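Reading through the structure tokens given below for one structure.
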Amino acid sequence: MSDRTVGIVGTGPHPDKSGHEGYSMGYRHARSYEAVDGCRLTACSDVDPERAADFGDAFDLPNDHVFTDLETMLDVAAPDIVSICTPPSAHVDLVETCAGHDVVHAIHCEKPMAPTLAASRRLVDVCDDCGVQLTINLQNRCRDTAAEIKSVIDDGAIGDLERIEFGRRDLLQTGLHHIDLANYVLDDEPVEWVLGQIDYPEEHVWYTNMHVEAQSLGTWAYESGVHALCSTGAAMDMVGAQTNRFVGTDGEIEYRLADEYRIRTDETGEWRTVGVGGAPAQDSAMADVVRALSNGEEPISSGETALAATEIVFGIWESARRRGRVELPLELEDNPLEALIESGELPPESR
């Protein structure tokens, strides 16, 4: 089989011109594809001509494979795989365009999925209807370390898993990775309910137009009886900043999204660091996209698993809106946090 061909949509600025300390997601995707056997980068598209040209120069793309229009890129370059690296407000339109084109067989889309829960579901539904593989860039579940932690827990090294905890800056941008890892370790089993509270004292926006809470406290329960607890923002250190903590009856594991983890069992009472190694998370995610597409297998980070993690975030916001526990799956279409802000309930007029 010939190499899979890849097109990047939403190149973003050249890292030297980025306002995010050299961070540019389109370039990260491209470099990771270049590290994967069995695929090659052949085209890019960005509505900003200068950004598209800079990207083409950086990756030695021919001028006639550098575009400012997505449909033209699909017609001319005909990539098998499309990576969408734009802000989430554009995801639905772009995914629909790609999934509906005959040449596209797989879409790898940045997270968050979309601004509302209905739009997030739409990404999954349209790809299912078109027979196109959808993956969302929750890349940390693709790490070798995540697989080993899951195996160690499944083997009973810390007894029966009882609780998962994490602390992070916010839910939708950074915390989503940790929610997704909790789901992954539990074989993506369904969540029964979510309970949460949020604080939004002033405007706090990501991706130019998506609100995120300034602080939150959330908990949820899986069908197996395992509970999860998260704290974001000002109190994220309460449960361990930037860490997934897996607490069992006989010990615990801590994982900081790296190529190692640490484990403590009741038998020894001491922490032990375990190095795992493996490819960088982003490279592993792109390798999984290509592997799943070529072998006709389910990808590790599918649209369905990403939607489940996304629903927990919206569930915490919805619990805050209802002032009570909510059952999953959620029967809502909108974005509860955005609705609270637009209604005037957040931020409060006085503290």
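The values are calculated or read from the model by the stated rules, or taken from the named source; none is laboratory data. Values in this document were obtained by computation on a predicted structure and should not be read as measured data. Positions of Cβ are generated from backbone atoms using ideal geometry, with glycine treated the same way; all protein chains shown enter the neighbour counts. The accessibility values were calculated without ligands, DNA or RNA, using every heavy atom of the protein model including side chains. Shrake-Rupley method; radii C 1.70, N 1.55, O 1.52, S 1.80 Å.
Numbers at a glance
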item	result
Those residues of the stretch 261-303 which are farther than 30 Å from SER120 by Cβ and open to solvent by 60 Å² or more (accessible area, probe 1.4 Å), in sequence order	ARG262, ASP266, GLU267, THR268, GLU270, TRP271, ARG272, THR273, GLY275
Any chance ILE153 is under 20 Å from the mean Cα position of the chain (by Cα), open to solvent by less than 30 Å² (accessible area, probe 1.4 Å) and modelled with pLDDT of 95 or more	no
Members of the stretch 11-27 found to be open to solvent by 10 Å² or more (accessible area, probe 1.4 Å) and either touching a residue at least 40 places away in the same chain (Cβ under 8 Å) or under 19 Å from CYS98 (Cα atoms) (or both), listed by number	GLY12, PRO13, HIS14, MET25
Residue within the stretch 70-81 that is hydroxyl-bearing (Ser, Thr, Tyr), open to solvent by 20 Å² or more (accessible area, probe 1.4 Å) and at pLDDT below 95 present	no
Per-region count, the stretch 304-344, residues assigned to a helix (DSSP H, G or I) and open to solvent by less than 40 Å² (accessible area, probe 1.4 Å)	20
Among the candidates ILE136, ILE107, residue that is closer than 19 Å to ASN183 by Cβ, touching a Gly at 6+ places or on another chain (Cβ under 9 Å) and not aromatic (Phe, Trp, Tyr)	ILE136
From the options ALA52, ALA30, ALA43, ALA35, residue that is under 22 Å from SER301 (Cβ atoms), open to solvent by less than 10 Å² (accessible area, probe 1.4 Å) and touching a residue at least 24 places away in the same chain (Cβ under 8 Å)	ALA30
Matching residues in the stretch 245-255 - criterion: being open to solvent by 40 Å² or more (accessible area, probe 1.4 Å) and touching a Lys or Arg at 6+ places or on another chain (Cβ under 9 Å)	ARG245
Conditions (1) under 16 Å from ASP288 (Cα atoms); (2) at pLDDT 95 or above; number of the one not met by ALA43	(1)
Strands (runs of 3 or more DSSP E) (entirely within the stretch 183-244) containing at least 3 residues that are open to solvent by 40 Å² or more (accessible area, probe 1.4 Å)	191-199
Test: residue in the stretch 116-133 that is farther than 30 Å from ASN209 by Cβ and more than 19 Å from the chain's Cα centre (by Cα)	yes
